[in-house]
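Okay, structure first, notes after.
The values are calculated or read from the model by the stated rules, or taken from the named source; none is laboratory data. Quantities reported herein were computed from a predicted structural model and do not represent experimental measurements. For neighbour counting, all protein chains shown are included, and Cβ atoms are generated from backbone atoms with ideal geometry for every residue, glycine included. All accessible areas refer to the heavy atoms of the entire protein, side chains included, with ligands and DNA or RNA removed. Shrake-Rupley method; radii C 1.70, N 1.55, O 1.52, S 1.80 Å.
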Amino acid sequence: MFERLFSRRRLAVATSRVADGRAIYAIGDIHGRLDLLTDLLAQVAADARRHPADQHRELVFLGDYIDRGTQSRGVIDALLDLGWPEFTPTFLMGNHEEAMLEFLDGHADGVGWLTYGGLETLISYGIALRKLPTDAESATELREALRAAVPPRHIDFLRRCVLSHVEGDYVFVHAGVRPGRSLEQQNRRDLLWIREEFLRAPGALPGKVVVHGHTICDAPQDLGHRIDIDTGAFVSGRLTCLVLRGEGRRFLATGLDA
């Protein structure tokens, strides 16, 4: 079923590649769905066992680990405790992680973050919120409560997330890239938040395939020059992983019978 959904979306044949002997597993937006992450990681482990010739394996997480789902704290714990020595992990920053950090650092009042998923994150850390902050005093009170509730290692994890990752002919980012600029010229906000300008561009980063999340699709979209693997896990039950070996592209996913 999943391959049929995927085949309808695909508009170009894969010619890009990763180096021989390397396997890349890229996982889309998790959004507090620890149950789906656990399921998908089991699929990744099983897939890796079927390819004993791999010389190097990478796990690339595209960001948005928190918010919307009910288990943001559990997701961060699971990522920190992954402990897979046969894989090298890379954790990208998502716009939801940035929004949480901006609130914690006092750069935002938190209202925007809370209204698009942050409330569920507060609950996962044991903080009950009766109403949104209405002034500086209430925002400060909530900020201090969150700072006290979030383990320091979680904050450190969020701050260490990177904005991009390159592997072979692929660039991994959370949201996308600004068309007409090299990867080195991209700015933080575009990498975390861009949508329409990137999605409409026929080839936003010449010579590279951009793998991204951020924009929900019902099945992964492989358009040749970009691959979107945000399949709306928090609401669809479908968390997607892109698997790259050589010139091959495959997908693993949860909830295929949902």
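The table for this structure:
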{"item": "Residue that is nearest to the chain's Cα centre (by Cα) [pool: residues in the stretch 12-63 that are open to solvent by less than 20 Å² (accessible area, probe 1.4 Å) and at positive phi]", "result": "63"}
{"item": "Tabulated pairs, the stretch 137-166, first at positive phi, second in a helix (DSSP H, G or I), C-beta under 6 angstrom, 6+ apart or interchain", "result": "none"}
{"item": "Residue count, the stretch 106-136 (criterion: under 21 Å from residue 155 (Cα atoms) and open to solvent by less than 80 Å² (accessible area, probe 1.4 Å))", "result": "19"}
{"item": "Sole exception among (1) in contact with a helix residue (DSSP H, G or I) (Cβ under 8 Å, 6 or more places away or on another chain); (2) on the phi > 0 side of the Ramachandran plot; (3) open to solvent by 30 Å² or more (accessible area, probe 1.4 Å) for residue 176, by number", "result": "(3)"}
{"item": "Among the candidates 203, 213, residue that is surrounded by fewer than 24 Cβ atoms within 10 Å (Cβ to Cβ) and more than 20 Å from residue 42 (Cα to Cα)", "result": "203"}
{"item": "Residue count, the stretch 42-74 (criterion: under 18 Å from residue 172 (Cβ atoms) and assigned to a helix (DSSP H, G or I))", "result": "1"}
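So that you can scan it fast, the table gives a plain yes or no per residue for (1) touching an Asp or Glu at 6+ places or on another chain (Cβ under 7 Å); (2) more than 28 Å from residue 100 (Cα to Cα); (3) open to solvent by 60 Å² or more (accessible area, probe 1.4 Å):
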site	(1), (2), (3)
169	no, yes, no
207	no, yes, yes
228	no, no, no
241	no, no, no
254	yes, no, no
